[in-house]
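*Asks:* Structure provided below as structure tokens; questions to follow.
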Amino acid sequence: MGEDRDVTTGRGTPDAADSLSSADTSWDLGFTGNYTHGLDAKGRLIIPVAFRESLGTRFAVCPSPDFKKIAVYPLKAWLERRNEYLALCRKDAEIRRILDMFTKYSFVDSEMDSQGRLLLPAALRAKLLGDTRDVDISGSYDHIIVQEATKSQAEDTSFGEDFPDVYAAVARAQKLQ
């Protein structure tokens, strides 16, 4: 982990991350951060180093919850999402169609090569990325989102327009609790 230098003494001072150990499961930081990468001619994507350990060696590549982007889940988180859809099927028959599309475009037991590249499944890539080469890879707590870089930029702009007062939006949500 990192270390800050005390400007007066030049000695290192541990930062907050140094107090987190991999054995301490009370800290669940999820996937955080945003990276821009390009897909190569074969449709391979470099998984950012910051995400590799949390993904594990095998994971699932599937549609995002809104079915507009690609999601990469650790297998446990993918199973939780699938099981959530299964439970909802018992309450609402329309959810079965969502589950069917989710599983149709889910590629479980995916893995990276030795260089940290992931071959995005052609069917999923064609459906959700088209022929784009530049993608943003973003943390989304329990999974990673892969989307066209231009759509990600538009999403960032839209956020600023939709929530000009973030504090007011949070205050409204807190009243609902």
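*Asks:* Can you pull the Kirkwood radius for segment 29-151, inverse mean 1/r over Cα pairs, to one decimal in Å? It would help to have the intermediate numbers written out before the result.
*Replies:* Values: mean 1/r = 0.0686 Å⁻¹.
For segment 29-151, the Kirkwood estimate is 14.6 Å.
*Asks:* Let me ask something else. Go through Val72, Ser114, Ile47 and say which Cα lies farthest out towards the positive end of the charge dipole of segment 29-151; charges sit on Cβ, +1 for Lys and Arg, -1 for Asp and Glu.
*Replies:* The Cα lying farthest towards the positive end belongs to Val72.
*Asks:* Beta carbons within 10 angstrom, averaged per residue: use that to sort the peptides 138-145, 76-83, highest first.
*Replies:* With the highest mean Cβ count within 10 Å placed first, the list reads 138-145, 76-83.
*Asks:* Beyond 17 Å, what percent of the Cα pairs of segment 134-177 remain?
*Replies:* Summing the P(r) tail past 17 Å for segment 134-177 gives 52 percent.
*Asks:* Then there's this: What is the sum of charges around Arg117, taking Lys and Arg as +1, Asp and Glu as -1, for the other residues whose C-beta is under 12 Å from the C-beta of Arg117?
*Replies:* Values: positive: Lys42, Arg44, Arg52; negative: Asp40, Glu111, Asp113.
With Lys, Arg at +1 and Asp, Glu at -1, the neighbours total 0.
*Asks:* Greater than 29 Å separation of Cα atoms is the criterion. Which listed pairs, Lys42/Lys69; Lys69/Lys175; Lys42/Lys151; Lys104/Lys175; Lys151/Lys175, meet it?
*Replies:* Pairs exceeding the cut-off: Lys69/Lys175; Lys104/Lys175; Lys151/Lys175.
*Asks:* So, one more: To the nearest 20 debye, what is the magnitude of the charge dipole of segment 29-151 about its Cα centre, counting +1 on the Cβ of each Lys and Arg and -1 on the Cβ of each Asp and Glu?
*Replies:* It comes to approximately 280 debye.
Here, each number is a calculation from the coordinates, and none is a lab measurement. The structure displayed is predicted, hence computed values, not measured ones. With ideal geometry, Cβ positions are generated from the backbone for all residues, glycine too; neighbour counts draw on all protein chains shown.
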